[in-house]
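The values are calculated or read from the model by the stated rules, or taken from the named source; none is laboratory data. Predicted, not measured: the structure shown is a model, and the values here were computed from it. Cβ sites come from the backbone with ideal geometry, for glycine too, and all protein chains shown count toward neighbours.
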């Protein structure tokens, strides 16, 4: 079992961008610009790629992280974030059931800014270098004025490279059906392609991992697309303790008016591993 304690949970740097050409959907005139999300829940994917916790053979791998932040002075801010990842492997490791849950909540000067929830499950069958996936996702985001998003789909992945140090590079493709309800009443149903590239590199005590998604609509590649990505650098300090930095970025070409289409976040914390 793995327990991640984000002891230095305060974000070190954040950035938001509003593209001049970004398409917007109608919104209530009361909608305001919101703060950038925490890594993970608001970005449309977990802060770390949950398949990292896959196990060989049979068994369960679990990880949890908790971040808390309170600042006062010119701006008062309260922020809480938690994420959980798990993977069940059986039938000699051929069948995998990875799952991820992320939630964050934040206020600035007493006003609710962040209330983000993401639940993602991707059961998979592994054979050689190939993986065959199914996917289910549920999401809520105050930052992006999303009252509810449900996603389901099927996909296939291929491991391009793997060595004895667990350095790897893999790619996958999903066909997704997405249903999203935005405030104040906009309802969209979209069929999306999803291309994913995942990599991990270890040298000495340092491990660098990255994950990038490109998700265009099947009928509008140029005008309706999403880009999500995370990068994490972990430096092992001892057998059980590591220092980790995570950067997360998300962009949605179609967004609610008054909400930023792009959000980015950088955070630093300690990782404690209780067992293998």
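Show the residue pairs meeting these rules: Cβ distance below 8 Å; 6+ apart or different chains; first residue within segment 108-126 and touching a residue at least 12 places away in the same chain (Cβ under 8 Å); second residue assigned to a loop (DSSP other than H, G, I, E, B) and surrounded by fewer than 20 Cβ atoms within 10 Å (Cβ to Cβ).
Final answer for the pair search is 108/75; 108/76; 109/75; 109/76; 110/76; 125/94; 126/93; 126/94.
Is it the case that segment 123-138 has a residue that's crowded, with 16+ Cβ neighbours inside 10 Å and within 17 Å of the chain's Cα centre (by Cα)?
yes
When you look at residue 101, is it touching a strand residue (DSSP E or B) at 6+ places or on another chain (Cβ under 7 Å), in contact (Cβ under 8 Å) with a residue 12 or more places away in the chain and surrounded by fewer than 18 Cβ atoms within 10 Å (Cβ to Cβ), yes or no? Please lay out each step first, then the result.
Working: touching a strand residue (DSSP E or B) at 6+ places or on another chain (Cβ under 7 Å): yes; in contact (Cβ under 8 Å) with a residue 12 or more places away in the chain: yes; surrounded by fewer than 18 Cβ atoms within 10 Å (Cβ to Cβ): no.
For residue 101, the condition - touching a strand residue (DSSP E or B) at 6+ places or on another chain (Cβ under 7 Å), in contact (Cβ under 8 Å) with a residue 12 or more places away in the chain and surrounded by fewer than 18 Cβ atoms within 10 Å (Cβ to Cβ) - is not met.
Quick grid of which residues meet (1) out of contact with any strand residue (DSSP E or B) (no Cβ under 6 Å at 6 or more places or on another chain); (2) over 30 Å from residue 130 (Cα atoms); (3) without any contact (Cβ under 8 Å) to a residue 40 or more places away in the chain:
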residue	(1), (2), (3)
177	no, no, yes
180	no, yes, yes
186	no, yes, no
195	no, no, yes
200	no, no, no
207	no, no, yes
214	no, no, yes
228	no, no, no
238	yes, yes, yes
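Just one of 151, 156 is farther than 28 Å from residue 208 by Cα and at pLDDT 90 or above; which is it? Show your work before the answer.
Numbers: 156 fails: farther than 28 Å from residue 208 by Cα.
The unique qualifying residue is 151.
From the list 245, 264, pick out the single residue that is farther than 19 Å from residue 118 by Cα, under 18 Å from the mean Cα position of the chain (by Cα) and either buried (at least 16 other Cβ atoms within 10 Å of the Cβ) or in contact (Cβ under 8 Å) with a residue 12 or more places away in the chain (or both). Don't jump to the end; show me each part of the working.
Numbers: 264 fails: farther than 19 Å from residue 118 by Cα.
Just a single option satisfies the conditions, and that option is 245.
Would you point out which residue out of 188, 144, 183, 177 is buried (at least 19 other Cβ atoms within 10 Å of the Cβ) and under 23 Å from residue 251 (Cα atoms)? Can you show your working first?
On the way: 188 fails: buried (at least 19 other Cβ atoms within 10 Å of the Cβ); 183 fails: buried (at least 19 other Cβ atoms within 10 Å of the Cβ); 177 fails: buried (at least 19 other Cβ atoms within 10 Å of the Cβ).
On inspection, the qualifying residue turns out to be 144.
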